[in-house]
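Undergrad: Before I ask anything, let me first share the structure, which is written out below as structure tokens.
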Amino acid sequence: MHKFLHALLISVFLGLLCRASAAADSESNRSPSDTDSQQLWKIQKVLASKKYVDLTHEFAPGIPRWPGFPDETRKTIYWYDPPKDGSGSADKRPDTMGSGFFSELFTHVGQWGTHVDPPAHFIKGLRTVDQIDPKEMVLPLVVIDVHEEAAKNPDYTLLLGRVKKWEKDHGQIPAGAFVAMRTDWSKRWPDAAKMENKDANGVAHYPGWSLPALKYLYEDRKITASGHETTDTDPGLAASKDDYSLETYILSRNHYQIELLTNLDQVPEAGALVVVSFPKPKGGSGFPARVFAIVP
């Protein structure tokens, strides 16, 4: 059924785009209803009719994070009610705001909550957050579901054979795809201790990727980006030894990744689209992201 829905959605896109192309070839004769903007609006209507799944955790002080990062702090600097003593923010409030407005000061690291890691996060001289092209933010979504394996073995790593099994079941992974590994580790959120899953010796146990699988995805299948539900690309056993070689591999190839995804259990393994969005801090090393899937 997923394959049928995927094919149907693709056929709708291709049909709309072909009509747009044909209209462009006869620009002098086309009516206003056949303009490029009208064609894009039709595509938007198709997308709006689909199910949307938010793949993003809410963030707040105290959420799970890499141990070396400080916690988030927040401060309310404007509130709806003016200060009773006539001092502070009320003096700066525009008259048009009436009784006031709500504004906060957020202080947190770039790698906070569901977030984007740009290449420059690990590799000096490569792309920062603001240099990621918007065309890399709307992609085919591939979900490799290994949650049963991770439940049996928290040290599970996604091997090349499992990626090829996905292709046997669903077809070749499309170039430019976003590949997400579903482990259901996000169901442990927001309990940091359960996310880390440390043993008596302080060694973390959570699933991760493998280098052969990543090389196949990025070098052979030419994917655009990847993501996962854990705090690290590398499995807990490696991260506990400060081994982040797998994250280094992805970022060194000038690709970005998304960490701490959620709700992958609500998305099919094939056929959906993903929208990956985030702010644009100049020269930014990372930032919280808003990621969602459009499901056929």
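The values are calculated or read from the model by the stated rules, or taken from the named source; none is laboratory data. Everything numeric here is computed off the predicted structure, so don't read it as measured data. Note that each Cβ is placed from the backbone with ideal geometry, even for glycine, and that neighbours are counted across all protein chains shown.
Undergrad: Can residue 268 be described as assigned to a loop (DSSP other than H, G, I, E, B) and either touching a residue at least 24 places away in the same chain (Cβ under 8 Å) or farther than 28 Å from residue 50 by Cβ (or both)?
TA: Values: assigned to a loop (DSSP other than H, G, I, E, B): yes; either touching a residue at least 24 places away in the same chain (Cβ under 8 Å) or farther than 28 Å from residue 50 by Cβ (or both): yes.
Yes.
Undergrad: Kindly provide the set of residues from the range 104-133 that are farther than 17 Å from residue 69 by Cα and either modelled with pLDDT under 95 or out of contact with any strand residue (DSSP E or B) (no Cβ under 9 Å at 6 or more places or on another chain) (or both), ordered by number. Walk me through how you get there before you give the answer.
TA: Of all residues in the range 104-133, those farther than 17 Å from residue 69 by Cα come to 104-105, 118-120, 123-133.
Matches in the range 104-133: 120, 123, 124, 125, 126, 128, 130, 131, 133.
Undergrad: Just need a number here: residues in the range 190-216 that are surrounded by fewer than 18 Cβ atoms within 10 Å (Cβ to Cβ) and of a type in the set (A, V, I, L, M, F, W, C).
TA: 5
Undergrad: Identify the residue in the range 175-222 that is among the acidic types (Asp, Glu) and without any contact (Cβ under 8 Å) to a residue 40 or more places away in the chain and, among all such residues, is nearest to residue 253 (Cα to Cα). Show your work before the answer.
TA: Within the range 175-222, the subset among the acidic types (Asp, Glu) is 184, 191, 196, 199, 219-220.
Within this subset, residues satisfying the condition of being without any contact (Cβ under 8 Å) to a residue 40 or more places away in the chain are 199, 219-220.
Details: 199: 33, 219: 9, 220: 13 Å.
Per the stated criteria, the residue is 219.
Undergrad: Answer yes or no as to whether residue 267 is crowded, with 22+ Cβ neighbours inside 10 Å, in the same structural domain as residue 169 (by TED's automatic domain parsing) and over 30 Å from residue 202 (Cα atoms).
TA: On the way: crowded, with 22+ Cβ neighbours inside 10 Å: yes; in the same structural domain as residue 169 (by TED's automatic domain parsing): yes; over 30 Å from residue 202 (Cα atoms): yes.
Against the criterion (crowded, with 22+ Cβ neighbours inside 10 Å, in the same structural domain as residue 169 (by TED's automatic domain parsing) and over 30 Å from residue 202 (Cα atoms)), residue 267 qualifies.
Undergrad: Would you please name the residue that is surrounded by the most Cβ atoms within 10 Å (Cβ to Cβ), looking only at residues in the range 63-82 that are assigned to a loop (DSSP other than H, G, I, E, B) and touching a Gly at 6+ places or on another chain (Cβ under 7 Å)? Can you show your working first?
TA: Keep residues of the range 63-82 that are assigned to a loop (DSSP other than H, G, I, E, B), which gives 63-72, 79-82.
From the residues that got through so far, the ones that are touching a Gly at 6+ places or on another chain (Cβ under 7 Å) too are 63, 71, 79-82.
On the way: 63: 20, 71: 13, 79: 17, 80: 10, 81: 8, 82: 17.
Among those residues, the one meeting the criterion is 63.
Undergrad: Would you say residue 159 is at negative phi and surrounded by fewer than 22 Cβ atoms within 10 Å (Cβ to Cβ)? Working first, answer last.
TA: Values: at negative phi: yes; surrounded by fewer than 22 Cβ atoms within 10 Å (Cβ to Cβ): yes.
So residue 159 passes the test.
Undergrad: Let me ask you something else. Look at residue 184 and say whether it is surrounded by 14 or more Cβ atoms within 10 Å (Cβ to Cβ) and on the phi > 0 side of the Ramachandran plot.
TA: Values: surrounded by 14 or more Cβ atoms within 10 Å (Cβ to Cβ): yes; on the phi > 0 side of the Ramachandran plot: yes.
It is true that residue 184 is surrounded by 14 or more Cβ atoms within 10 Å (Cβ to Cβ) and on the phi > 0 side of the Ramachandran plot.
Undergrad: Can you name the condition, by its number, that residue 238 falls short on among (1) surrounded by fewer than 22 Cβ atoms within 10 Å (Cβ to Cβ); (2) on the phi < 0 side of the Ramachandran plot; (3) assigned to a loop (DSSP other than H, G, I, E, B)?
TA: It fails just one condition, (3).
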